[in-house]
1. When only residues in the stretch A:1-52 that are open to solvent by 40 Å² or more (accessible area, probe 1.4 Å) and of a type outside the set (A, V, I, L, M, F, W, C) count, which is nearest to the other protein chains (Cβ to nearest Cβ)?
2. Can you tell me which residues in the stretch B:254-279 are closer than 22 Å to B:L80 by Cα and either open to solvent by less than 10 Å² (accessible area, probe 1.4 Å) or basic (K, R) (or both)?
3. All but one of (1) in a helix (DSSP H, G or I); (2) more than 14 Å from chain A (Cβ to nearest Cβ); (3) open to solvent by less than 20 Å² (accessible area, probe 1.4 Å) hold for B:V210, so report the exception by its number.
4. Looking only at residues that are of a type in the set (V, I, T) and within 20 Å of B:L336 (Cβ to Cβ) in the stretch B:146-187, which one is farthest from the other protein chains (Cβ to nearest Cβ)?
5. Could you check how many residues of the stretch A:61-104 are hydroxyl-bearing (S, T, Y) and at pLDDT 85 or above?
6. Working only within the stretch B:69-123, note down all residues that are of a type in the set (D, E) and within 12 Å of chain A (Cβ to nearest Cβ).
7. Quick one: B:S135 ticks every box in (1) open to solvent by less than 10 Å² (accessible area, probe 1.4 Å); (2) more than 8 Å from chain A (Cβ to nearest Cβ); (3) closer than 19 Å to B:A266 by Cβ bar one, so which box is it?
8. Considering only residues that are part of a helix (DSSP H, G or I) and free of Cβ contacts under 8 Å to residues at least 40 places away in the same chain, look in the stretch B:163-191 and name the one that is surrounded by the most Cβ atoms within 10 Å (Cβ to Cβ).
Amino acid sequence: MEAVFFYVFGTLAVISALLTVTRRDAVASAFWLIFCFLSVAALFALLSAHFMAILQILLYAGAIMVFFLFVIMFLGKSQDRVKTSDWRVVALGVLSLIGATVVLTRLVGSTHAPFPAVADSYGGIEAVSEVLLTKYLFAFELTGLLLTAAVIGAVYLARREAPGSRGAKAPVVRGLTSQAATSTASSSAVQHEDVPHA
Amino acid sequence: MHETLSNLPLLSGLPAQVLVVLAMVSAGGIILGCIAVGGMFFIWSERKVAGYIQSRYGPMYVGGWHGVLQSLADGVKLLLKEDIWPEKADKPLWRMAPLLVFLGAFLSFVVLPFGPNFVGANLDIGLFYVMATSSLVVMGVISAGWGSNNKWALYGALRGAAQVISYEIPLGLALLPVVMSTGSLNLGTIIQAQAGWIHNWHLLNPLFFVSFWIYVISSLAEVNRVPFDLPETESELVSGYHTEYTGMKFAFFFLGEYADMFVVSAIGVTVFLGGWYSGIPALDVPALFPLIFILKSFFLVFVQIWLRWTLPRLRVDQLMYVCWKVFIPIALANLLLYGVIRTVLS
């Protein structure tokens, strides 16, 4: 039963990934990418890594792809098609395909013994959070710092100064997650777009 | 559930795989039926409450008593309506949108705990799962707005996405102190921590009380209800992201909205209002659990309806201000305070 679901979702993930890179319309690509993420989440769930599956949906399919779509929609539907006949692009593609094939064949060939079995709760929330808050605590906190720096940078770049207030008190956004900056930026963009119609 | 099915006389001979699929299909069918009937009831009660608040009757004729079958008649009407689509719509996206919106609400029902043994899937991370499925609704809203090829629909969709994504943060932060206190994301475990007399309900803990109000207000924004119905403001955006939809496609948006209202209410009941417990130990018999749970959820749905017909709507900037500069700081402070108190006390 599990094998059936694995092949179904695995095939769906591969097909939707292929469709993501072959669609001309950027919005269609983005939706196929969401579909791909959802299939991968289903694969996580089959491995009884429920926590990872939910994170995959919540963060990738939910939050990140919404911002992708926001950017695509603000830039508008582009009419001109991307040139794909450029020989450098083709060469780069062939090279990376060869590289990926070599790495994958080496990887598959190097595992003679089957992987050791893991406990059923391996990808569950308790197992993940315990490792994250003990063994990898430093790296975890460092990631938090990195994200905070990114937020501050994004807010700094996205703020619009009121006319005649150069050097005046800039809008300060505190205690936000990485979604904050993008969302504040997009909401101000919405207002900006609204002006001609108001 | 497939074990239960295998005990039925007619199905006992079937192989396990068939039974699992059968169990999935029948569970899905039951949930779908409940959403459809519940949705019709909510729409009828919304119109009756609106009528009462505005000193009029609301639907009175269809179905005899106070127009109870009005929603059924409307459903039939929507089924029979001509399906019109915009000439230049992005067809696949446009068709998919109502299904995605409905799917987001539908999937959440799987983990709602109507009783200790009356839950579709008793997931370890039920609370987290509900938040993830509700983010699928955003996808539906965006694809509706983009696929319609209509500027009002697109504005509505962009507003809706920005709003839902922003308010997910205070929503999650408001639930976290309770999760810290129960040490579990399983909805059943959270309810069991509130057994006994009413003072065990999380609502009556001062810090959780703050969380509860943040949760209720943010959940209004999550389901795009007044005073946060900016994605559909009829005075400026015609009808927002579902402007171009008619017939059954529109009905799916509508049904999805009411199912979502029930889901956020049920989660509120689970986390703060004692779930299936009545607050009086003598009344806590297993047979009454689903009834108590549903009645409490209906009450919160009623509050949402009540607010809709009482309050004006916010502006876009006020909406973002409330979220980022009021709710998130309060929720973070609340979370920190709870953590400190818990550490000091233990």
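The values are calculated or read from the model by the stated rules, or taken from the named source; none is laboratory data. Fair warning: this is a prediction, and the values are worked out from it, not measured in the lab. With ideal geometry, Cβ positions are generated from the backbone for all residues, glycine too; neighbour counts draw on all protein chains shown. The protein model used for the area step is the full one, side chains on, heavy atoms only, and it has no ligands, DNA or RNA in it. Shrake-Rupley method; radii C 1.70, N 1.55, O 1.52, S 1.80 Å.
1. A:H50
2. B:G256, B:Y258
3. Result: B:V210 passes all but (3).
4. Applying the filter and picking the extreme gives B:V178.
5. Within the stretch A:61-104, residues that are hydroxyl-bearing (S, T, Y) and at pLDDT 85 or above number 2.
6. Result: B:D90, single match.
7. (2)
8. B:I165
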